[in-house]
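What follows is calculated from the coordinates using simple rules that are stated; it is not laboratory data. These numbers were taken from a predicted model, which means no experiment stands behind them. In this analysis, Cβ positions are derived from the backbone assuming ideal geometry, glycine residues included, and neighbour counts consider all displayed protein chains.
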Amino acid sequence: MLVVIDHPLVQVKLGLLRDQSTAVPDFRRALRETAALMFFQATADLPTVEAVVQTPLAACPARRLQRHVVLAPILRAGLGLLEGLFELVPDAQVAHLGFYRDEHTLKPVRYYAKVPPGIADAAVILLDPMLATGHSAAAAVSALKVSGAQHIRFLCLVSCPEGIAHFHATHPDVPVFTAAVDEKLNERGYIVPGLGDAGDRFFGT
Ligand code: URA
């Protein structure tokens, strides 16, 4: 399943993120805000359970999330999305996943994985601003599944047809939420028009 989040606020902030003249502080802020807006929509169907709270006046029905939330940023650009989400789910656990691309095989190689215990019951949100070739994202989901994760969704800001095709072919069970499906990947693996290197722009490198 592919969901394109077409909310006007998301699209306006995406334009800011794409603009090469957007300075690092504004880029950071827009990425945080866009992540939160997209997360809101991408979690709209999370299951809840009935609860009861006591207001100052009476007992009142309430709801709480059935599953705890695990945010899984792919290093390093995924960290840019992570920050904005702590505001919404301050008790979320974090699974860090790091990959580099092998020069010879061009395949992603995992160099870091720290996954919280109990991930099997969690609602896991994989985070990466860019779905480019789709190889890292697919490998990240495989790693999460090996760790026991069963309820995974993927939040990415900008995607492209090549990445979506690879990701869906590898993990057809994992829904993808994106703000844009861009035209293509270029020969250097960048999304066009995209926004450039999301990690460089977020970290000012
Ligand atoms: N990663 C990025 O940061 N940008 C792209 O365009 C592709 C991959």
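Brief remarks on what is shown
- Distribution of pairwise C-alpha distances over the chain, 10 Å bins, in %: 9, 35, 36, 15, 5, 1, 0
- Largest GNM mean-square fluctuation among Ala149, Ala165, Ala62, using the chain with Cα springs under 10 Å: Ala62.
- Helix 161-170 vs. the chain, principal-axis angle (Cα, 0 to 90°, nearest 10): 60
- Fewest-first ranking of Cys160, Cys60, using other Cβ atoms within 10 Å as the exposure measure: Cys60, Cys160
- Here the label points at Arg101 and Gln11, each 7 Å from Cα along the C-beta direction, are separated by 3.1 nm in the simple model.
- One equal scatterer on each Cα of segment 50-126, no solvent, Debye formula: the resulting log10 I(q)/I(0) at q = 0.18, 0.20 Å⁻¹ is -0.82, -0.91.
- Think of it as helices only: each DSSP H run of n ≥ 4 in the chain is worth -39500 (n - 2.57), and spread over all residues that comes to -9500 deg cm²/dmol at 222 nm.
- Just so you know, the Cα atoms of segment 1-51 work out to an Rg and Dmax of 13.9, 48 Å.
- Seen against the Cα atoms of the chain and their longest principal axis, helix 135-146 is set at about 40 degrees.
- Residues with amide H under 5 Å from that of Gly98, placed H, sequence gap 5 or more: Leu75, Tyr111, Tyr112, Ala113
- Net charge dipole, segment 1-55: roughly 280 debye, given to the nearest 20, about the Cα centre with Cβ charges of +1 for Lys and Arg and -1 for Asp and Glu.
- Counting DSSP beta bridges with both ends in the chain, the antiparallel % (nearest 5): 40
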